[in-house]
Amino acid sequence: MTKTNYINASIYSSEKQTFIDNQFMTVDDATGKIMAVGTGTPDTIAEQTTDMQGKYVMPGIMNAHTHITSIPTYWWRDGQEDRHPESREYNTMYAIRNMQDMVNHGVTYIRNVGAQYDIDVAISKMQREGKIAGPRVMTSGQAFSITGGHGADGGHEVDGVDAVVHGVRQALKMGVDNIKMMVTGGVLRNGETPDDIQFNFEEVQAAVAEAHHKGKTVAAHAQGNAGVKEAVQAGVDTVEHAFDIDDETIEMMRQHGTVIVPTMNAMYAIYKYGEKTVPTWAREKVIVNIKKHFASIAKAAAAGIPIAMGTDAGTPYNGFEDESAYEMQLYVDKAGMTPAQAIDTATINCARAMHVADEYGTISAGKFADFIAMTANPIEDIRVIQHDKDVFQHGVQVHQAAKTTTIDEQVPVRQVG
């Protein structure tokens, strides 16, 4: 067994909500797991020692809402949506490219919540076997929609409890880790609104029962208030987007242990960059809902409802590079979180929501050595996570930051207007 000691690091502690100086970490190179974390000099003699030179080290970024087969980042041509490539082969090519982009930007674990042709299942297997680079993948296969509903062009169309049960069982047979249910309408489909309830309570409840019976999770696309409440009451594990949350919804979430995945940049990118490119009908829905959305996430976070970071990567101007780190910045600037709380959304909160907290989400003994290392402190400025950084996955460095002499020489970060 070979070991590596990483010394002279400032390591993030979720417990203390800050980085702790003069830390070491000992990693078993064979398993990729952390053996020990502590202060000062390691107790274990290791074959290799890496001096982190005082860099700020936090767990690898986790993103709980991606669509890896989508074309990044803008995809409307001549008024027609062109988000999804036309063939399985093109979808696979984009997925592999998007995976590489994410890990290069510090994303080491994702939950994919909708993939053309169920490609994320094969991509996940290829990543685990070392055939492609990229984050670990929690899979969902194709999402479930009602006939003609939100996401129906790239998902399973099912109507009624029996069809839902059959469809979910088929997806679980195929080996997905999570079931994605399109409970309401949304922004990027014409002729519907975020307030449209599509799946009814009994259908969602049936999906939850089938998934939970097999120890799997359910994520609900739910935007309007009534749809969010229906999803929570039906027992879903996470609510995606959650545009409209009131006090009653918060109390329901508290009782059910529901986690929110906000995807704030999916709205903000269209609002900021989409004029004259994203269709008017889509942008108008963003304009109507964006302030309500941000206020709802701020209310939920202040109330202590768990927030897991997700970007909805694959929506307009919202791709697979620094957008995960930018989403964290939005939580600070638009939802009133502290930088430490924002870091937690993309680490320990995601790990808990994805049921992998025993092995991911913190830098602790017994967990995999997935981490990123930065030259500046994100607690002082959350934007520095968007800079180029060293990325380690299971103890192996998978991306090295370009050499710079000062933080000012890094690539400029995005500004929130």
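Evaluation of Tyr117 against the conditions (1) over 17 Å from the mean Cα position of the chain (by Cα); (2) closer than 29 Å to Gln223 by Cα; (3) part of a loop (DSSP other than H, G, I, E, B) shows that the sole unmet condition is (3).
Here's the yes/no breakdown for (1) farther than 15 Å from Ser14 by Cα; (2) surrounded by 21 or more Cβ atoms within 10 Å (Cβ to Cβ); (3) at pLDDT 95 or above; (4) not polar (S, T, N, Q):
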site	(1), (2), (3), (4)
Phe320	yes, yes, yes, yes
Gln341	no, no, yes, no
Arg352	no, no, yes, yes
Val356	yes, no, yes, yes
Lys389	yes, yes, yes, yes
Gln397	yes, no, yes, no
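Determine the pairs where a residue that is open to solvent by 100 Å² or more (accessible area, probe 1.4 Å), located within segment 83-94, has a partner that is at pLDDT 90 or above with Cβ atoms under 9 Å apart, the partner being 6 or more residues away or on another chain. Pairs found: Arg88/Gln116; Arg88/Tyr117; Arg88/Ile119; Tyr90/Thr69.
Scanning segment 273-289 for residues that are crowded, with 18+ Cβ neighbours inside 10 Å, under 22 Å from the mean Cα position of the chain (by Cα) and either without any contact (Cβ under 8 Å) to a residue 12 or more places away in the chain or under 22 Å from Asp322 (Cβ atoms) (or both) turns up just one, Val286. Pairing residues of segment 242-261 that are more than 16 Å from Ala220 (Cβ to Cβ) with residues that are open to solvent by less than 20 Å² (accessible area, probe 1.4 Å) and in a helix (DSSP H, G or I), at Cβ distances under 8 Å and at least 6 apart in sequence or on separate chains, gives Ile250/Ala300.
The combined condition, being of a type outside the set (D, E, K, R) and closer than 17 Å to Phe243 by Cβ, is not fulfilled by Gln170. If you go through segment 290-318 and pick out every residue that is part of a helix (DSSP H, G or I) and either surrounded by fewer than 21 Cβ atoms within 10 Å (Cβ to Cβ) or touching a Cys at 6+ places or on another chain (Cβ under 8 Å) (or both), you end up with 7. Among the residues of segment 181-197, those identified as farther than 14 Å from Ala234 by Cα, open to solvent by 30 Å² or more (accessible area, probe 1.4 Å) and either part of a strand (DSSP E or B) or of a type outside the set (Val, Ile, Thr) (or both) are Arg189, Asn190, Gly191, Asp195, Asp196.
Might you check whether a residue that is under 21 Å from the mean Cα position of the chain (by Cα), under 20 Å from Gln116 (Cβ atoms), open to solvent by less than 10 Å² (accessible area, probe 1.4 Å) and modelled with pLDDT of 95 or more occurs anywhere in segment 200-219? Yes: segment 200-219 contains one or more residues that are under 21 Å from the mean Cα position of the chain (by Cα), under 20 Å from Gln116 (Cβ atoms), open to solvent by less than 10 Å² (accessible area, probe 1.4 Å) and modelled with pLDDT of 95 or more.
How about segment 8-34: which of its residues are touching an Asp or Glu at 6+ places or on another chain (Cβ under 7 Å), part of a strand (DSSP E or B) and open to solvent by less than 50 Å² (accessible area, probe 1.4 Å)? The one that is touching an Asp or Glu at 6+ places or on another chain (Cβ under 7 Å), part of a strand (DSSP E or B) and open to solvent by less than 50 Å² (accessible area, probe 1.4 Å): Ser10.
The values are calculated or read from the model by the stated rules, or taken from the named source; none is laboratory data. Here the structure is a predicted model, which is why all the values come from computation and not from measurement. Ideal geometry is used to build each Cβ from the backbone, glycine not excepted, and the neighbour counts take in all protein chains shown. Protein only, heavy atoms only, side chains kept; ligands, DNA and RNA dropped before computing areas. Shrake-Rupley method; radii C 1.70, N 1.55, O 1.52, S 1.80 Å.
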